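Heads up, the thing below is written out as structure tokens.
The values are calculated or read from the model by the stated rules, or taken from the named source; none is laboratory data. If you're wondering where the values come from, they're calculated on a predicted model, not measured in any experiment. All Cβ positions, even for glycine, are placed from backbone atoms using ideal geometry, and neighbour counts span all protein chains on display. When the accessible area is computed, the model is the full protein with side chains, heavy atoms only, and any ligands, DNA or RNA have been set aside. Shrake-Rupley method; radii C 1.70, N 1.55, O 1.52, S 1.80 Å.
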Amino acid sequence: MKLRSKKGQLPFVELNGAQIADSTFIIRQLSQHYNRDLDSHLTSQQRITSHALISMLENHTKWVFYWWRFNNAGQFIVESKTNFRQALQTRIPAGIINFVLKMKMRSKRSIVNGIGLGVHSPEEIYDFGNRDLACLRDQLGDKPYFFGEEPSLLDVVAFGVILQFQFGQGASFPPKVFIEEKCPQLVAFVERIKQRYWPDWQEMCETRDLNTHLPKPVAPPKKEDEDEKKEKETGKEDEKEGEKEKVEKDEKERDKKEGKLEESDNKFEEEKNKDEKAQEKK
């Protein structure tokens, strides 16, 4: 399994043998290949708004939760409840994997500093995130999706980012609290997307199976070897013989006990008769 693209990025896909990395290029290439434009129903002005908000989400908003994650690596690993051994398909002990992940995540703090966000105080960084989320909230308003009755590319990108704020960080992460308390529209939006496209969301989270909707192959019944079959049959016969011997043994013991009891009764009668005869002679 390839864990990263040739560019070192995630996510990436392979289309006709060619790797495509970065979400923007992936969506663009897949749209062209399948002749499907997610923004076909948008006006020119709506497309401009969509582009601006997507750029905000990908180049500014998401770095808020990356900053938190890189500075709280241990807490993130615990609260994400991810089985990294399963995800990486390795037998390396979980403790070693978690230690390496912590070190790797902490080493990325310089990236957030490099884009200019990480040099600010935590309160200022959280405020950046809250303001971006408020923009999304106001753009969504009371509509089911950002531009009306049908989802667009902005809905796809926003869903992925909002999820990270809601479920991908610690319970006390301020922007998470901000969403839950100040942005009920965004909370409802996430639930709407989940119900429409992932009705099995809860099951996926519990089982870590991303294809719970697909029927699982039924394993054929295991055919027993002839040797195993004979061994089982022999075992049953031995068991029956053993039970039979036990019954016979119990019967013999019972008969023996009854014989001794009868012999004892006879001796008692003989002694009694002797005593009676002795009495008569006297």
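Within region 130-145, is even one residue closer than 24 Å to residue 37 by Cα, open to solvent by less than 80 Å² (accessible area, probe 1.4 Å) and of a type in the set (Ser, Thr, Tyr)?
yes
Identify, by number, the condition in (1) modelled with pLDDT of 95 or more; (2) within 29 Å of the chain's Cα centre (by Cα) that residue 209 doesn't meet.
All conditions pass for residue 209, except number (1).
Could you tell me whether any residue of region 164-181 is basic (Lys, Arg), surrounded by fewer than 15 Cβ atoms within 10 Å (Cβ to Cβ) and out of contact with any Cys (no Cβ under 6 Å at 6 or more places or on another chain)? It would help to see each step written out before you state the result.
The initial filter retains those residues of region 164-181 that are basic (Lys, Arg), namely 176.
Narrowing the set further to residues that are surrounded by fewer than 15 Cβ atoms within 10 Å (Cβ to Cβ) leaves none.
Checking region 164-181: not a single residue is basic (Lys, Arg), surrounded by fewer than 15 Cβ atoms within 10 Å (Cβ to Cβ) and out of contact with any Cys (no Cβ under 6 Å at 6 or more places or on another chain).
Enumerate the pairs (first residue in region 189-216 and assigned to a helix (DSSP H, G or I); second residue anywhere and at pLDDT below 75 and acidic (Asp, Glu)) with beta-carbon separation below 9 Å, excluding pairs fewer than 6 apart on the same chain, so at least 6 apart or on different chains.
203/209
Restricting the search to region 88-97, which residues are assigned to a helix (DSSP H, G or I) and either at pLDDT 80 or above or surrounded by 15 or more Cβ atoms within 10 Å (Cβ to Cβ) (or both)?
Narrowing region 88-97 to residues assigned to a helix (DSSP H, G or I): 88, 94-97.
Passing the criteria: 95, 96, 97.
Within region 188-211, can you find the residues that are among the charged types (D, E, K, R) and closer than 21 Å to residue 82 by Cα?
Step one: filter region 188-211 for residues among the charged types (D, E, K, R), giving 191-192, 194, 196, 200, 203, 206, 208-209.
Residues satisfying the conditions are 194, 200, 203, 206, 208, 209.
Looking only at region 39-73, count every residue that is surrounded by fewer than 19 Cβ atoms within 10 Å (Cβ to Cβ) and either among the basic types (Lys, Arg) or touching a His at 6+ places or on another chain (Cβ under 8 Å) (or both) and tell me the total.
Total satisfying the criteria: 2.
Here are some conditions: (1) open to solvent by 50 Å² or more (accessible area, probe 1.4 Å); (2) within 20 Å of residue 159 (Cβ to Cβ); (3) more than 29 Å from the chain's Cα centre (by Cα). Residue 32 meets all but one. Which one does it not meet?
(2)
If you scan region 101-119, which residues turn out to be surrounded by 15 or more Cβ atoms within 10 Å (Cβ to Cβ) and more than 32 Å from the chain's Cα centre (by Cα)?
Listed by number, the list holds a single entry, 117.
Pick out, from region 1-87, the helices (runs of 4 or more DSSP H) lying fully within it that include 3 or more residues that are at pLDDT 90 or above and β-branched (Val, Ile, Thr).
Working: elements: 23-34, 44-56, 62-71, 73-80.
Where helices (runs of 4 or more DSSP H) fall fully within region 1-87 and carry at least 3 residues being at pLDDT 90 or above and β-branched (Val, Ile, Thr), they are 44-56.
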